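Written below as structure tokens is the structure these notes are about.
The values are calculated or read from the model by the stated rules, or taken from the named source; none is laboratory data. Owing to the predicted nature of the structure, the values given are computational and were not obtained by experimental measurement. Neighbour counts run over all protein chains shown; Cβ positions are idealised from the backbone, glycine included. Note: accessible area is taken over every heavy atom of the protein model, side chains too, but ligands, DNA and RNA are not part of it. Shrake-Rupley method; radii C 1.70, N 1.55, O 1.52, S 1.80 Å.
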Amino acid sequence: SASQMLMFTAYLAVVVALYLVPLTISSPCIMEKKALGPKPAIIGHRGAPMLAPENTLMSFQKAVEQKIYGVQADVVLSYDGVPFLMHDKTLRRTTNVEEIFPEWAYEHSSMFNWTDLEKLNAGEWFLQNDPFWTAGSLSRSDYLEAANQSVCKLADMLEVIKDNTSLILNFQDLPPAHPYYSTYINITLETILASGIRQQAVMWLPDTERQLVRQIAPGFQQTSGLKLDAERMREKGIVKLNLRYTKVTNEDVRDYAMANLSVNLYTVNEPWLYSILWCAGVQSVTSDSSHVLRKVPFPIWLMPPDEYRLIWITSDLISFIIIVGVFIFQKISPPASMWRLGSIRTYNPEQIMLSAAVRRSSRDVKIMKEKLIFSEINNGVETTDELSLCSENGY
């Protein structure tokens with residue numbers, strides 16, 4: 001009785017805790033629909049990397065076809081001063097440098113001349129590794145195009161996106177031995193301004209030489225990759241933050257919005273996560289799956305607080321009724337195991353084996369008969385007539 005009461009108390013505590021869990025759940029999507037802000041703008045992460053190899057011209061062309069707000073790119077300067085697009089420090093992951101220049105495979109990507117970079121293939125790795133499991137869904141023409149992609153110049157990418165797409169630029173730090181180590185910012189700025197892209201469409205992320213950039217291109221949106229308070233951002237002339245989505249809370253987004261500062265979060269690929277950030281009021285997100293997020297018409301699970309409470313209370317009541325019903329049923333109805341045990345109690349192994357013996361006179365059958373006789377004695381058979389009858393009938 002004591003152990004049963006202990007188990008019942010523990011079970012009851014777990015059930016009550018589960019019933020009260022919704023009180024601890026806080027979601028920005030539990031809100032009135034009229035309070036929902038505008039849909040976050042979508043920025044293609046290195047182009048459209050699920051549809052084409054990242055940081056290639058094809059990738060940015062696919063992003064423009066999606067009619068998204070902007071794209072993000074990683075810029076490096078070659079040894080002879082040509083800005084090109086590459087995320088990693090080496091060329092090993094996204095090119096065939098190990099086949100073409102095996103002795104230089106581990107060199108920093110900026111230590112190659114552009115004439116050497118042009119010889120590399122930057123698309124075959126995408127089809128072989130299939131990083132997003134999307135290569136198999138490409139059309140025949142897209143498959144062939146992806147297989148023939150090369151390292152992309154910054155100038156060629158700007159020519160593709162300059163008319164109606166914004167741009168977030170990130171930079172790799174060059175090795176000190178690079179001949180343009182101290183002037184790569186100037187060369188990159190010249191390339192951007194010469195392309196004809198609107199200055200307001202460029203979100204400048206590097207913190208290096210920010211004052212110089214502000215003088216040469218005052219229209220750039222100065223963007224920080226570090227989480228700063230609103231006052232510090234105003235002092236540095238920063239109007240936008242570019243942060244990982246795990247580093248920002250709903251309160252942070254609300255505070256930045258009140259200070260007239262916008263937030264871009266990366267890398268957001270799932271519709272449910274995009275929905276939560278939409279409800280939280282995030283202005284834009286960087287995504288590998290821009291072709292998926294652009295089709296999300298409305299936040300998933302958006303519901304008014306009254307509707308949420310109704311679903312919660314109704315679910316608790318239904319489950320409570322089911323639990324009480326199960327307890328009552330078990331109280332008034334003995335378990336099926338009791339019936340099974342009661343029916344088996346009148347049999348033993350010797351009786352079962354003898355029933356299959358088919359009246360053969362063998363040493364094993366005689367032994368089992370003797371065991372059965374002693375078993376029946378133990379079960380209360382007292383008269384010799386009954387024992388004789390058991391032996392003669394052979395069961």
Subject >> Extreme residue, surrounded by the fewest Cβ atoms within 10 Å (Cβ to Cβ), among residues of segment 109-123 that are polar (S, T, N, Q) and in contact (Cβ under 8 Å) with a residue 40 or more places away in the chain >> reply: Ser110
Original post:
When segment 263-293 is examined, which residues are found to be under 19 Å from Val64 (Cβ atoms) and either among the hydrophobic types (A, V, I, L, M, F, W, C) or surrounded by fewer than 16 Cβ atoms within 10 Å (Cβ to Cβ) (or both)?
Top reply: Val285, Val292, Leu293
**OP:** Could you please give the count of residues in segment 220-276 that are more than 22 Å from Pro206 (Cβ to Cβ) and in contact (Cβ under 8 Å) with a residue 60 or more places away in the chain?
**Re:** 4
Original post:
Hey, any hits in segment 159-175 for a residue that's among the aliphatic types (A, V, I, L, M) and either within 15 Å of Thr56 (Cβ to Cβ) or in contact with a Cys (Cβ under 8 Å, 6 or more places away or on another chain) (or both)?
Top reply: yes
**OP:** Would you confirm whether any residue within segment 231-245 is aromatic (Phe, Trp, Tyr) and surrounded by fewer than 20 Cβ atoms within 10 Å (Cβ to Cβ)?
**Re:** yes
**OP:** Looking for whichever is closer than 13 Å to Val151 by Cβ, open to solvent by less than 70 Å² (accessible area, probe 1.4 Å) and of a type in the set (Gly, Ala, Ser) here; the options are Ala105, Ala73, Ala48, Ala17. Which one fits?
**Re:** Ala73
Original post:
Which residue, of Gly237, Gly281, is under 24 Å from Ala73 (Cβ atoms) and of a type outside the set (A, V, I, L, M)?
Top reply: Gly237
**OP:** Six or more apart or on different chains, Cβ under 8 Å: which pairs go from a residue in segment 196-207 that's among the aromatic types (Phe, Trp, Tyr) to one that's open to solvent by 20 Å² or more (accessible area, probe 1.4 Å)? Could you list them?
**Re:** Trp204/Gln221
**OP:** Looking only at segment 182-196, decide whether some residue is crowded, with 17+ Cβ neighbours inside 10 Å and outside any helix (DSSP H, G or I).
**Re:** no
